[in-house]
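A short write-up of the structure that comes next.
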Amino acid sequence: MSTPSAAAQSLPATVGVLGGGRMGAGIAHAFLVAGAEEVVVVDVSQEAAQTAAAQITKDLEASLSRGKIDGELSRWTDRLTATAEVTAFARCGLVIEAVPEDLDLKVESLRRAEAQLAPEAWLATNTSSLSISTLAGHLQRPERFCGLHFFNPVPASKLVEVVLAERTGEELAALAPRWVESLSKTPVVVKDAPGFASSRLGVAIGLEAIRMVEEGVADPADIDNAMVLGYKFPIGPLALTDIVGLDVRLGIAEYLESQLGERFAPPQLMRDMVARGELGKKSGKGFYDYPEA
Ligand SMILES: NC(=O)c1ccc[n+]([C@@H]2O[C@H](COP(=O)([O-])OP(=O)(O)OC[C@H]3O[C@@H](n4cnc5c(N)ncnc54)[C@H](O)[C@@H]3O)[C@@H](O)[C@H]2O)c1
């Protein structure tokens, strides 16, 4: 059972999230549950913001029914603001950017958010793979910026990578892991390097599994079972790729290939599946079928 006032001690009172999609909604949920006084979600349009609010409400209802939080739903939803107005970030002590994984879009979005922030506010990105130092290079206050890499689904994931760029200030380097602990998650502090600790290794295994399907080595279920039963992975690499989204993983692989070489080159099968709209769980079909999607 969460105790917001205690858990929230190290958190900024008002937290902003830019981009209320799969990850942004989860991040907003995490800060609400941890006791932030207000969470402000900004998306491209009022309609997109309302979609985010509906998802967060659904996640809060799930947390209530599982006994993770208690009280009336309104106790949590009253502290949520969903809007298309980026000016709402002016009252936030921390803003986390979670727009799609595209360098130009991230730079433009972070600069737009930073322009609204009070000078003492903090800024973070949830990028899975882009260089924090590159992003920091486009900002006015790079010492107040770091990576906070949440995992999907956020409510159930215990890990957050805290990614420190060369210009990340010491104060933020000390604060960010404490925020993660306040969310009842475990921080892993990593240096800014392509793919950080998790994506680099996770994507390498995922790409090799896709190459094995491509070469007809085994069926997806057998490849996944080999890792789950043989190596005690909690989930197989292909099932995980379906959950993350093939399009999301393709983007990360292309970036890692550009930074680390051809061992990260996306398999043709992956490109073909993305071109066919087989994006995994969210599209109803990936390496497995999801009739309910
Ligand atoms: N999906 C995952 O498993 C996962 C895990 C860890 C990190 N990430 C990273 O999180 C980020 C977001 O991924 P996602 O899966 O939530 O994507 P998503 O497509 O589900 O959500 C993106 C959201 O951003 C909004 N958006 C787009 N342009 C915007 C703009 N200019 N201003 C404000 N909002 C805008 C979209 O409307 C959408 O709501 C990416 O950087 C991704 O690499 C994703």
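Tally up the residues in the range 40-75 that are within 17 Å of residue 184 (Cα to Cα) and either within 16 Å of the ligand (Cβ to nearest atom) or of a type in the set (A, V, I, L, M, F, W, C) (or both), please.
Residues meeting the conditions: 4.
Just checking, does the range 259-280 include any residue being under 16 Å from the mean Cα position of the chain (by Cα), under 20 Å from residue 157 (Cβ atoms) and not aromatic (Phe, Trp, Tyr)?
No; the residues of the range 259-280 include none that is under 16 Å from the mean Cα position of the chain (by Cα), under 20 Å from residue 157 (Cβ atoms) and not aromatic (Phe, Trp, Tyr).
Take the residues in the range 152-167 that are open to solvent by 50 Å² or more (accessible area, probe 1.4 Å) and within 16 Å of the ligand (Cβ to nearest atom); name whichever of them is nearest to residue 201 (Cα to Cα).
Across the range 152-167, the extreme among qualifying residues is 159.
Select from the range 106-138 the residues that are outside any helix (DSSP H, G or I) and among the aliphatic types (A, V, I, L, M) and list them in ascending order.
The answer is 117, 118, 121, 123, 124, 130.
Return the residue satisfying two criteria in turn: it lies in the range 221-242 and is surrounded by 15 or more Cβ atoms within 10 Å (Cβ to Cβ) and under 17 Å from residue 290 (Cα atoms), and of such residues it is farthest from the ligand (Cβ to nearest atom).
Top of the filtered list is 224.
Inside the range 176-206, can you point out the residues that are in contact with a helix residue (DSSP H, G or I) (Cβ under 8 Å, 6 or more places away or on another chain) and small (Gly, Ala, Ser)?
Across the range 176-206, the qualifying residues are 182, 184, 193, 195, 199, 202, 204, 206.
Report, by residue number, each residue of the range 168-197 that is touching a strand residue (DSSP E or B) at 6+ places or on another chain (Cβ under 6 Å), among the aliphatic types (A, V, I, L, M) and open to solvent by 10 Å² or more (accessible area, probe 1.4 Å).
Those that are touching a strand residue (DSSP E or B) at 6+ places or on another chain (Cβ under 6 Å), among the aliphatic types (A, V, I, L, M) and open to solvent by 10 Å² or more (accessible area, probe 1.4 Å): 173, 188, 189, 190, 197.
Please verify whether the range 212-220 includes one or more residues that are in contact with a Phe, Trp or Tyr (Cβ under 9 Å, 6 or more places away or on another chain), farther than 24 Å from residue 285 by Cβ, open to solvent by 10 Å² or more (accessible area, probe 1.4 Å) and not charged (D, E, K, R).
No.
Can we say residue 249 is open to solvent by 30 Å² or more (accessible area, probe 1.4 Å), outside the structural domain of residue 149 (by TED's automatic domain parsing) and touching a residue at least 12 places away in the same chain (Cβ under 8 Å)?
The answer is no for residue 249.
On the given criteria, is residue 171 farther than 25 Å from residue 22 by Cβ, away from the ligand (no atom under 13 Å from the Cβ) and part of a loop (DSSP other than H, G, I, E, B)?
Here the answer is no, as residue 171 does not meet what is asked.
When you go through (1) within 12 Å of the ligand (Cβ to nearest atom); (2) surrounded by fewer than 15 Cβ atoms within 10 Å (Cβ to Cβ) one by one for residue 89, which number turns out not to apply?
Residue 89 satisfies all of (1) within 12 Å of the ligand (Cβ to nearest atom); (2) surrounded by fewer than 15 Cβ atoms within 10 Å (Cβ to Cβ) except (2).
If the requirement is being among the aliphatic types (A, V, I, L, M), buried (at least 17 other Cβ atoms within 10 Å of the Cβ) and within 29 Å of residue 142 (Cα to Cα), which of these qualifies: 84, 52?
52
Determine which member of the set 54, 88, 84, 30 is small (Gly, Ala, Ser) and touching a Gly at 6+ places or on another chain (Cβ under 9 Å).
88
The values are calculated or read from the model by the stated rules, or taken from the named source; none is laboratory data. Not measured: the values here are computed from a predicted model. Virtual Cβ from ideal backbone geometry, glycine too; neighbours counted across all protein chains shown. Only protein heavy atoms, including side chains, enter the accessible area calculation; ligands, DNA and RNA are left aside. Shrake-Rupley method; radii C 1.70, N 1.55, O 1.52, S 1.80 Å.
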